[in-house]
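> Just passing along the structure, written as structure tokens.
The values are calculated or read from the model by the stated rules, or taken from the named source; none is laboratory data. This one's a predicted model, so the numbers in the text were calculated from it and none came from an experiment. Note that we place each Cβ from the backbone using ideal geometry, even for glycine, and neighbour counts take in every protein chain shown.
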Amino acid sequence: MNPVEVQNLTVAYQKKPVLKNVSFTVPEGKLIGIIGPNGAGKSTLIKAVLGMIPKATGEVRVYDKLYRAKERVVGYVPQRGSVDWDFPTNALDVVLMGRYGHIGWFKRPGKKDKELALNCLEKVGMQEYATRQISQLSGGQQQRVFLARALAQDAKIYFMDEPFVGVDAATERAIIELLNELKQQGKTVLVVHHDLQTVKDYFDHVILLNINVIAEGPTEDTFTLKNLHQTYGGTLAFLEKGDILVGQK
Amino acid sequence: MSYEAWILIVGSLAGICCGITGCFLILRRLAMLADAISHTVLLGMVLAFLISQSLNGFYMLIGAAAIGVLTAVFVQLLHSSGIQEDASIGVVFTFLFAVGVILLSLYADHVHLDVDHALMGEITFVPWDLVKWGFLPELPKAFLMLTTVLIINLLIIILFYKELKITSFDPQMAAAIGVPVLLIHYILMGMVSMTTVASFDSVGAILVVAMLIAPGASAYLLTDKLNIMLIMSALLGVAAAIIGYYLASWLDVSISGSMATVNGVIFAIFFFFAPHKGVLSKRWSQRKLKLT
Amino acid sequence: MDDVIKISLADANTQWVLLGTILLGISSGVLGSIALLRKQSLIGDAVAHASLPGICVTFLLLGEKSLFPLLIGAAISGLLATFCIQAISSYSIIKEDTAIGLVLSVFFGLGIVLLTKVSQSSVGNKSGLNDFIFGQAAALVGSDVKLMAGAAALLTVITWLLFKELKVLTFDPEFAKGLGLPTKLLNFVFLTLLVSAIVVGIQAVGVILMAAMLITPAISARYWTDSLARMIVLSGVFGAISGVFGTIFSTFGTGLATGPFIVVTATFIFFISLLFAPERGLLTKWVKRLRLNKRLQHELVLRKEGKSYQ
């Protein structure tokens, strides 16, 4: 039983297809990188899988069932720029939002939810900022709060949209530690990522995407020069000098 | 000239004045600031009346332009102190308008400047409100004011065309090459204020917003070129004024309200049927794409 | 002046009116703060203006000025206006601010057209329809106020019940979708609440100044707190205070509209918040910076002196 199975997914804004016939299967308990150039449809892929934007064709199965957000097996970390950080709320409150799906309509978060949320903040090293207004957090700290919120969702599969963008080195390390911890707990984590340098260090499995899936599979077999050339086209030329690829030393 | 002709001329002049000014407001996303100014000029007119104790159009223009620019300055100040822009506009215009209404009901009760009139305009009286300027024969005041403002607006647009264009398109780049972006902004706000006052008698404070925004928005759906958009907007403004007048006299209703409504109807037509940018035309071309 | 207040407050009708404006202040303050955070304040302005044709049509159909159907009519045309704004800004290249201004002025124009029809029609008692433009709380009677009280209370309770959902929807709509919340339905529910708060408030403040009741108390409240719950409560309180003082001031003269006075009071509260609020007030910030500078200078002098002793 695979955590996520996508078949023939096509998404179009106006006339242009942003994703075309995308199919892939995600193995359980792995860290999976979704890699591709700008405009390849990486964020769109996540949103379409989670049912946030309409699909033109295709279907998404989560643990062999057609996906419905209500089942709460999936946690989501959106891009940090997607919200108004001046919103009147503090870090703990944002993390508590991750519990809303479990709490249900009309009810308020209780003591247990608060403890759990504090626990999640601790896991990302943010417990001392629990009552801090969110606009007074640094970019990296805001990203950690978002991660803690996803943890509070207590899901089996996590989707993260560019969690490493605009964060400091300490946060990047904290995030990757957390991802590994989640993996050890048997959770599946999909991360949209664009830093090719770190791909082979971070991920077990990659999906190379540019409107279609170019290649997918275990990192050591898939993250090759040939596949990257196909994904990035001419823009890859300057990257070849570095030793980013598997088996290129 | 006949009574009807004067109304049509004044309405058309207001349509041209508002139409050309409105294009820039739409492109610069200042529609709501213009809405705010059209309300606050009421305070400017009341203050001008209280200070000069006369209803001279010249003082009114000055007072309104001053308060109009002041509104833009206040909004800018609040915005730069960290308040989101829509809220800054909302706080400033409601306050200044409220003060205007209070002053009006306290001190200027029995003058021509009554609130209903200021809000809704009364174009029917325009042909009778005559004044004599210099060597000219006696002409309707609204006609003279609108002509003056139209000339000023046209001069500004012709003289500063490329500055207006670049500051509307890319203000940061404009600032980088040394165009005084803020000055251009306040000049435009001054134009809006004067246009509003001059159109006050014919259409009133709130409906002037329809005349400012609707023709420009319709023209925006028809063309991609700024100069053509300006001309189309002026033409549509005139068309709405004329159709609005005849519709109003046919149905026996408020002329200014009818002009605003016709403006809305014209926009609705282009919203659906404009070539290329209309909703239905877009759908049609999509269908053709699918068939081929 | 005390006597005037006492006399006017002793009057039973004035008490009803005061109760009415307090409740309106609360409901518009509460929903206004969410609208503010959703950047929908000016949509509120458009809804208020756009309620005029609804009011006129209802009056022309019924031929009498009874509050409940008028409010329903106002709400329908208000909702229609929000629908038009969303349609224009999502299906064409017209930006949202232009769409708001356009819908606002055209609906209001249509309202004026219908208003002239109303004043020509021979049916019933049409006096007071004009009050909708500037708000005349003094014209409220007991039964009106009871209706408003019910509506305002209902709105506040629904907002309280949906607080958690509205909060996450406002802060992070994508995440709310990811949680499986029916975001489209919630958006519609919120807009309906907002439109209801507006049409109920129009009685006291009038269509033109209604925007102030949504924006000014909310933005003032934002200065005093970083918690959404407290901001909403404070905004309701500020709205209520504005309602009370505005109503009292407007009773000093005869025939004065209540709306402008309520708005001026609300703006006064805003100025106080802008200047003196702890943490965020401009004056408070300035004094703090001054103190910090002084301390730093002092430390600098001490250090220099310390060095010179060595």
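> Of the residues in the range A:158-174, how many are surrounded by 22 or more Cβ atoms within 10 Å (Cβ to Cβ) and either out of contact with any helix residue (DSSP H, G or I) (no Cβ under 8 Å at 6 or more places or on another chain) or β-branched (V, I, T) (or both)?
Within the range A:158-174, residues that are surrounded by 22 or more Cβ atoms within 10 Å (Cβ to Cβ) and either out of contact with any helix residue (DSSP H, G or I) (no Cβ under 8 Å at 6 or more places or on another chain) or β-branched (V, I, T) (or both) number 1.
> Okay, moving on. Which of (1) within 9 Å of chain C (Cβ to nearest Cβ); (2) in contact (Cβ under 8 Å) with a residue 60 or more places away in the chain; (3) within 25 Å of B:Q84 (Cβ to Cβ) is the odd one out, the single condition A:F159 does not satisfy?
So A:F159 meets the others, but not (3).
> Exactly one of (1) in contact with a Lys or Arg (Cβ under 9 Å, 6 or more places away or on another chain); (2) not polar (S, T, N, Q); (3) not in a helix (DSSP H, G or I) is unmet by C:V207. Its number?
Tallying (1) in contact with a Lys or Arg (Cβ under 9 Å, 6 or more places away or on another chain); (2) not polar (S, T, N, Q); (3) not in a helix (DSSP H, G or I), C:V207 fails exactly one: (1).
> Identify, from the list A:L151, A:L96, the residue that is touching a Pro at 6+ places or on another chain (Cβ under 7 Å) and within 14 Å of chain C (Cβ to nearest Cβ).
Result: A:L96 is the single residue among A:L151, A:L96 that is touching a Pro at 6+ places or on another chain (Cβ under 7 Å) and within 14 Å of chain C (Cβ to nearest Cβ).
> Restricting attention to the range C:39-46, does a residue exist that is on the phi < 0 side of the Ramachandran plot and in a loop (DSSP other than H, G, I, E, B)?
Checked against the condition, which is being on the phi < 0 side of the Ramachandran plot and in a loop (DSSP other than H, G, I, E, B), the range C:39-46 yields at least one hit.
> Take the residues in the range C:165-190 that are in contact (Cβ under 8 Å) with a residue 60 or more places away in the chain and out of contact with any Asp or Glu (no Cβ under 9 Å at 6 or more places or on another chain), then tell me which one is nearest to the other protein chains (Cβ to nearest Cβ).
Among residues in the range C:165-190 that are in contact (Cβ under 8 Å) with a residue 60 or more places away in the chain and out of contact with any Asp or Glu (no Cβ under 9 Å at 6 or more places or on another chain), the one nearest to the other protein chains (Cβ to nearest Cβ) is C:L166.
> Check the range A:47-55 and report whether any residue there is at pLDDT 85 or above, in contact with a strand residue (DSSP E or B) (Cβ under 7 Å, 6 or more places away or on another chain) and surrounded by fewer than 17 Cβ atoms within 10 Å (Cβ to Cβ). Walk me through it before giving the result.
Going through the range A:47-55, the residues at pLDDT 85 or above turn out to be A:47-49.
Imposing the further condition that a residue be in contact with a strand residue (DSSP E or B) (Cβ under 7 Å, 6 or more places away or on another chain) reduces the set to A:48-49.
Keeping just the survivors that are surrounded by fewer than 17 Cβ atoms within 10 Å (Cβ to Cβ) gives none.
So far as the range A:47-55 goes, no, none of its residues is at pLDDT 85 or above, in contact with a strand residue (DSSP E or B) (Cβ under 7 Å, 6 or more places away or on another chain) and surrounded by fewer than 17 Cβ atoms within 10 Å (Cβ to Cβ).
> Being within 24 Å of A:K156 (Cβ to Cβ) and of a type in the set (A, V, I, L, M, F, W, C) is the filter here; which residues of the range A:93-112 pass it?
If the condition is that a residue be within 24 Å of A:K156 (Cβ to Cβ) and of a type in the set (A, V, I, L, M, F, W, C), then A:V94, A:V95, A:L96, A:M97, A:I103, A:W105 are the ones that fit.
> Just to be sure, is B:K225 facing chain C (nearest Cβ under 8 Å) and surrounded by fewer than 20 Cβ atoms within 10 Å (Cβ to Cβ)? Talk me through it step by step, then tell me what you get.
On the way: facing chain C (nearest Cβ under 8 Å): no; surrounded by fewer than 20 Cβ atoms within 10 Å (Cβ to Cβ): yes.
In short, no.
> Oh, and also: If you take the residues in the range A:121-152 that are of a type outside the set (G, A, S) and in a loop (DSSP other than H, G, I, E, B), which one is surrounded by the most Cβ atoms within 10 Å (Cβ to Cβ)?
Checking each candidate, the answer is A:V124.
> Anything in the range C:217-228 that is touching a residue at least 60 places away in the same chain (Cβ under 8 Å) and under 11 Å from B:V91 (Cβ atoms)? List them, or say none.
Listed by number, the residues that qualify are C:P217, C:A218, C:I219.
> Turning to a different aspect of this structure: Any idea how many residues of the range A:175-198 are surrounded by 15 or more Cβ atoms within 10 Å (Cβ to Cβ) and either closer than 27 Å to A:Y63 by Cβ or of a type in the set (D, E, K, R) (or both)?
So the count comes out to 13.
> Now a separate question. Of the residues B:I243, B:I228, B:I187, which is without any contact (Cβ under 8 Å) to a residue 12 or more places away in the chain and over 11 Å from the mean Cα position of the chain (by Cα)?
Testing whether each residue is without any contact (Cβ under 8 Å) to a residue 12 or more places away in the chain and over 11 Å from the mean Cα position of the chain (by Cα) leaves just B:I228.
> Further, regarding this structure: Only residues in the range C:139-159 that are farther than 10 Å from C:L67 by Cβ count as the first member; pair them with residues that are exposed (fewer than 14 other Cβ atoms within 10 Å of the Cβ), Cβ under 7 angstrom, at least 6 apart or cross-chain, and list the lot.
Close Cβ pairs (under 7 Å, with a partner that is exposed (fewer than 14 other Cβ atoms within 10 Å of the Cβ)) amount to C:A139/C:G128.
Here is a yes/no grid of residues against (1) closer than 23 Å to C:T58 by Cα; (2) surrounded by 24 or more Cβ atoms within 10 Å (Cβ to Cβ):
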position	(1), (2)
C:V189	no, no
C:V199	yes, yes
C:V207	yes, yes
C:S235	no, yes
C:S250	no, yes
C:I269	no, no
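> To continue, here is another question. Across the range C:211-264, what is the total count of residues that are outside any helix (DSSP H, G or I) and facing chain B (nearest Cβ under 9 Å)?
Number of matching residues: 4.
> So in the range B:255-292, with the set limited to residues that are modelled with pLDDT of 85 or more and hydroxyl-bearing (S, T, Y), which one is surrounded by the fewest Cβ atoms within 10 Å (Cβ to Cβ)?
B:S258
> Now a separate question. Return the residue satisfying two criteria in turn: it lies in the range C:78-98 and is small (G, A, S) and buried (at least 24 other Cβ atoms within 10 Å of the Cβ), and of such residues it is nearest to the other protein chains (Cβ to nearest Cβ).
Step by step, filter the range C:78-98, then rank; the result is C:A81.
> When C:S66 is evaluated against the numbered criteria (1) surrounded by fewer than 24 Cβ atoms within 10 Å (Cβ to Cβ); (2) in contact with a helix residue (DSSP H, G or I) (Cβ under 7 Å, 6 or more places away or on another chain); (3) among the polar types (S, T, N, Q), which criterion, by number, is the only one it fails?
Going through (1) surrounded by fewer than 24 Cβ atoms within 10 Å (Cβ to Cβ); (2) in contact with a helix residue (DSSP H, G or I) (Cβ under 7 Å, 6 or more places away or on another chain); (3) among the polar types (S, T, N, Q) one by one, C:S66 breaks only (2).
> Test B:A36 against the stated conditions and say whether it is touching a Leu at 6+ places or on another chain (Cβ under 7 Å) and over 16 Å from B:I228 (Cα atoms).
For B:A36, the condition - touching a Leu at 6+ places or on another chain (Cβ under 7 Å) and over 16 Å from B:I228 (Cα atoms) - is not met.
> Which one is farthest from B:V10 (Cα to Cα) among residues in the range B:129-152 that are of a type in the set (V, I, T) and assigned to a helix (DSSP H, G or I)?
We begin by selecting, within the range B:129-152, every residue of a type in the set (V, I, T); these are B:131, B:147-149, B:151-152.
Checking the rest, the ones that are also assigned to a helix (DSSP H, G or I) come to B:147-149, B:151-152.
Details: B:T147: 9, B:T148: 12, B:V149: 12, B:I151: 14, B:I152: 17 Å.
Per the criteria, the residue is B:I152.
> Kindly establish whether C:S121 is touching a Leu at 6+ places or on another chain (Cβ under 9 Å) and more than 17 Å from C:G44 (Cα to Cα). Quick ask: steps written out before the conclusion?
On the way: touching a Leu at 6+ places or on another chain (Cβ under 9 Å): yes; more than 17 Å from C:G44 (Cα to Cα): yes.
Here the answer is yes, as C:S121 does meet what is asked.
> Does B:Y246 meet the test of being more than 16 Å from B:L146 (Cβ to Cβ), within 12 Å of chain C (Cβ to nearest Cβ) and either not basic (K, R) or not in a helix (DSSP H, G or I) (or both)?
no
> Hey, any hits in the range C:44-60 for a residue that's within 13 Å of chain B (Cβ to nearest Cβ), surrounded by 24 or more Cβ atoms within 10 Å (Cβ to Cβ), over 25 Å from B:L251 (Cβ atoms) and not aliphatic (A, V, I, L, M)?
Within the range C:44-60, one or more residues are within 13 Å of chain B (Cβ to nearest Cβ), surrounded by 24 or more Cβ atoms within 10 Å (Cβ to Cβ), over 25 Å from B:L251 (Cβ atoms) and not aliphatic (A, V, I, L, M).
> Now for a separate question. Could you please find all residues in the range B:261-287 being touching a Gly at 6+ places or on another chain (Cβ under 8 Å) and either in contact (Cβ under 8 Å) with a residue 12 or more places away in the chain or within 9 Å of chain C (Cβ to nearest Cβ) (or both)?
B:T261, B:V262, B:N263, B:G264, B:F270, B:F271
> Check C:L302, C:L282 and return the single one that is more than 10 Å from chain B (Cβ to nearest Cβ) and farther than 20 Å from C:A48 by Cβ.
C:L302
> C:L193 fails exactly one of the following numbered conditions: (1) at pLDDT 85 or above; (2) surrounded by 24 or more Cβ atoms within 10 Å (Cβ to Cβ); (3) away from chain A (no Cβ under 14 Å). What is the number of that condition?
The one condition C:L193 does not meet is (2).
> Output the number of the condition that B:I177 fails; it satisfies all remaining conditions of (1) modelled with pLDDT under 90; (2) out of contact with any Cys (no Cβ under 8 Å at 6 or more places or on another chain); (3) within 16 Å of B:R28 (Cα to Cα).
(3)
> Of all the helices (runs of 4 or more DSSP H) wholly in the range A:1-120, which have at least 2 residues that are in contact (Cβ under 8 Å) with a residue 12 or more places away in the chain and farther than 28 Å from A:Q133 by Cβ?
Correct list: A:42-49.
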